[in-house]
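Remarks on the structure that follows.
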Amino acid sequence: MYGIFLSVFILLVYSIIFQDLKNGDSTQACANGILCVVYIVVTFNYCIMFTYRNVLEELIDRMNHDYKLAKNFPEKEQDIVLSFAQKGQGIAKIWLIVGICACGLFIVKQFYLTIYYTITSEFRLIHLYDLTYPDAVEQVKYNTVVFCILYIYFLYYDVFATMMFIGFSPLGSIFMLHACGQLEIAKERILEIFKEYKSSEEINKQLKEVATFLNTTYR
């Protein structure tokens, strides 16, 4: 999957170096350059996920384990867990909406231009992302079959980049929000200890439990 993504990047670099800059088309070179930056950022995220996959998997498992434990918590603590989980979901939804909108812009532009040319002049095939290909492809890029292949090819680049952003970018915020929720639970437990009179042994026992809980969260 990543190999196909890489091949589109190579085409973009080819178009910038051997076509756009050579022909003095700085606007198209910048446009292609932006897509190259997207590739670099996605690749950076991909490398982080691959390098730290065991750590990320452990964090996700730990978070899921905390949710299972929360089912046995008092109602007030369950509400805290739910509140921070919903905040994490909110961040994920924001990234989902932004990702879909960014991905959809290319499709909307292509759809709009197709309708525009059909109404104003004559129907023409509008590529999802138009760039200059090597001569063998450039000569036949408006052939219906070739057009469909190139359309799917760039749509794949678009969707792959979107999925990587949606899947990676919210992770840090979600983990931090979950940790904040756990710290909020610890605070509530400390306050509960001193709400009524208890023996020193019972207070020490509960404080040790809170300390253990905090150590797990800080790790």
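The values are calculated or read from the model by the stated rules, or taken from the named source; none is laboratory data. None of these values were measured; they are calculated from a predicted model. Cβ atoms come from the backbone with ideal geometry, glycine included; neighbour counts cover every protein chain shown. Surface areas here come from the heavy atoms of the whole protein model, side chains and all, with no ligands, DNA or RNA. Shrake-Rupley method; radii C 1.70, N 1.55, O 1.52, S 1.80 Å.
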query = Can you spot a residue in the stretch 107-119 that is in contact (Cβ under 8 Å) with a residue 24 or more places away in the chain, of a type in the set (A, V, I, L, M), surrounded by 14 or more Cβ atoms within 10 Å (Cβ to Cβ) and over 30 Å from SER173 (Cβ atoms)?
reply = no
request  = Tell me which residues, restricted to the stretch 38-65, are over 27 Å from TYR157 (Cα atoms) and in contact with a helix residue (DSSP H, G or I) (Cβ under 7 Å, 6 or more places away or on another chain).
outcome  = LEU59, MET63
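Residue-wise test of (1) within 19 Å of LEU150 (Cα to Cα); (2) in contact with a Pro (Cβ under 6 Å, 6 or more places away or on another chain); (3) not hydrophobic (A, V, I, L, M, F, W, C).
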{"site": "GLY3", "(1), (2), (3)": "yes, no, yes"}
{"site": "LEU11", "(1), (2), (3)": "yes, no, no"}
{"site": "TYR14", "(1), (2), (3)": "yes, no, yes"}
{"site": "LYS22", "(1), (2), (3)": "no, no, yes"}
{"site": "ALA31", "(1), (2), (3)": "yes, no, no"}
{"site": "ASN54", "(1), (2), (3)": "no, no, yes"}
{"site": "GLU57", "(1), (2), (3)": "no, no, yes"}
message = I'd like the full set of residues that are within 26 Å of GLY90 (Cβ to Cβ) and open to solvent by 60 Å² or more (accessible area, probe 1.4 Å), limited to the stretch 190-218.
response = TYR218
task = Filter the stretch 168-178 down to residues that are assigned to a helix (DSSP H, G or I) and surrounded by 16 or more Cβ atoms within 10 Å (Cβ to Cβ), then give me how many there are.
result = 7
task = Kindly provide the set of residues from the stretch 11-39 that are open to solvent by less than 100 Å² (accessible area, probe 1.4 Å) and among the aliphatic types (A, V, I, L, M), ordered by number.
result = LEU11, LEU12, VAL13, ILE16, ILE17, ALA29, ALA31, LEU35, VAL37, VAL38
task = Might you let me know whether the stretch 60-70 holds any residue that is within 23 Å of THR162 (Cα to Cα) and of a type outside the set (A, V, I, L, M)?
result = no
key: Hey, ASP158 surrounded by 12 or more Cβ atoms within 10 Å (Cβ to Cβ) and not in a helix (DSSP H, G or I) or not   = no
request  = Look at SER7 and say whether it is of a type in the set (Ser, Thr, Tyr), farther than 13 Å from LEU131 by Cα, more than 16 Å from the chain's Cα centre (by Cα) and assigned to a helix (DSSP H, G or I).
outcome  = yes
query = Does the stretch 126-143 contain at least one residue that is in contact with a Lys or Arg (Cβ under 8 Å, 6 or more places away or on another chain) and open to solvent by less than 70 Å² (accessible area, probe 1.4 Å)?
reply = yes
